[in-house]
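Have a look at the structure below, then the notes.
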Amino acid sequence: MEEVRMEKLYEGKAKIIYPSSEAGMVRVYFKDDATAFNGQKRAQIAGKGAVNNQIASALFGYLEEHGIPTHFVRQLSEREMLVRQVQIVPLEVIVRNRTAGTFARRYGVEEGRVLPKPLLEFSYKNDALGDPLIYPEAALALGLLSEAELERIRALALQINTLLKDYFAQRNLELVDFKLEFGRLADGRLVLADEISPDTMRLWEMGSGEKMDKDRFRRDLGGVEEAYQEVLRRVQGL
């Protein structure tokens with residue numbers, strides 16, 4: 001049963017965080033808002049929030065079953081999930097399997113080149129600075145996390161990549177790259193947080209390379225709602 005909403009704790013570009021009546025938990029509400037290029041491009045995509053909530057709930061559940069600790073507790077409704085409250089580590093972890101997007105533009109290479117092995121990049125979560133890339137050593141020097149936490153995040157990110165690549169391959173989708181965020185529970189343990197959805201990853205149709213993710217919005221390709229719905233259909237196994 002869906003809880004009565006109280007005053008929000010935080011509102012981001014795609015989600016709103018509400019308190020929960022359950023101790024140590026918060027509720028995440030997924031909005032239909034879409035943004036790109038650090039918020040320079042904005043729109044509403046009908047049904048996106050509901051689709052992303054359902055996809056993220058399924059993927060968090062899958063990862064938990066395979067030994068990845070996450071903040072996810074359960075899906076509350078079409079647009080809300082219950083999660084453990086965490087202190088977000090101010091790093092975005094990008095895992096790349098092929099050249100695409102910013103990476104391809106930065107180094108002047110064509111999109112789609114398979115990388116010799118998965119590549120990890122880190123960005124400093126700071127809207128005012130535009131979430132710049134950051135060297136791991138700089139993140140340690142700034143006190144954003146400990147060395148043990150950095151090594152744990154690296155290991156978890158690569159393990160998640162292996163699991164999700166296999167998961168999507170079984171659904172005729174290729175995981176090109178994706179963004180992860182991690183948080184600390186009250187006892188200091190690191191868990192996967194935020195969301196995993198077509199908003200935070202690149203998924204290409206195997207064979208054709210058709211984009212089934214937020215790039216359809218970024219690049220004005222059209223069919224955004226249809227692509228997200230198709231990913232949900234495959235995730236649900238319909």
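General remarks:
- Hz values of 3J(HN,Hα) by residue in the range 87-93 - Karplus curve (6.51, -1.76, 1.60), Gly and Pro given as x: 9, 5, 6, x, 9, 9, 9
- Translational diffusion of the range 112-194, estimated by Stokes-Einstein from the Kirkwood radius over alpha carbon pairs at 10 °C in a medium of 1.306 mPa s, is 110 µm² per second.
- Between the residues 193, 173, 122, the greatest Cα displacement towards the positive end of the dipole of the range 87-222, with unit charges on the Cβ of Lys, Arg, Asp and Glu, is found for 173.
- Loop trypsin sites (Lys or Arg not before Pro), the range 182-238 (other Cβ atoms within 10 Å of the site Cβ: 13 or fewer; DSSP): 189, 219
- Every Cα-Cα pair in the range 85-134 was counted, and those over 17 Å apart are 44% of them.
- Fluctuation leader among 75, 54, 170 - the chain, Gaussian network, Cα springs under 10 angstrom: 170
- Net dipole in debye of the chain [+1 Lys, Arg Cβ; -1 Asp, Glu Cβ; about Cα centre; nearest 20]: 340 debye
- In the distance distribution for the range 133-238, Cα-Cα pairs more than 20 Å apart total 49 percent.
- Hydrodynamic radius by Kirkwood, which averages 1/r over all alpha carbon pairs of the range 4-137, in angstrom: 17.1 Å
- Entry note, the chain: the mean residue ellipticity at 222 nm calculated from DSSP H runs of n ≥ 4, each adding -39500 (n - 2.57), is -9000 deg cm²/dmol after division by the residues and rounding to the nearest 500.
- Filter on 48/165; 8/117; 8/165; 48/117; 15/117 - keep pairs with C-alpha separation over 30 Å: 8/117; 8/165; 48/117; 15/117
- Other residues within the sphere of radius under 13 Å centred on the Cβ of residue 183, judged by their own Cβ, net out at -1 (K and R +1, D and E -1).
- Listed from fewest to most Cβ neighbours within 10 Å, the set 215, 131 follows the order 131, 215.
- Estimated translational diffusion coefficient (Stokes-Einstein, Kirkwood radius over Cα pairs, 10 °C, 1.306 mPa s) of the chain: 86 µm² per second.
- Neighbour-count ranking [beta-carbon atoms within 10 angstrom, fewest first] of 166, 33: 166, 33
- Highest GNM mean-square fluctuation among 72, 103, 217, for the chain modelled with Cα contacts below 10 Å: 103.
- Computed from the alpha carbon atoms alone, the convex hull of the range 10-84 holds 97 Å³ per residue.
- When the chain is treated as a GNM with alpha-carbon contacts under 10 Å, the residue of 112, 207, 101 showing the greatest mean-square fluctuation is 207.
- Residues whose amide H falls under 5 Å from that of residue 88, counting only those 5 or more places apart or on a different chain, are 184, with hydrogens built in the peptide plane.
- When only the Cβ of Lys, Arg, Asp and Glu is charged (+1, +1, -1, -1), the dipole of the range 10-84 relative to its Cα centre reaches about 300 debye.
- Cβ charges +1 (Lys, Arg) and -1 (Asp, Glu), total dipole of the range 87-222, debye: 280 debye
- Counted by Cβ distance under 11 Å from residue 118, the other residues give a net charge of +3, where Lys and Arg count +1 and Asp and Glu count -1.
Only the coordinates and a few stated rules stand behind these numbers; no lab work does. The model shown is predicted, which means the values in this text are computed figures rather than measured ones. In this analysis, Cβ positions are derived from the backbone assuming ideal geometry, glycine residues included, and neighbour counts consider all displayed protein chains.
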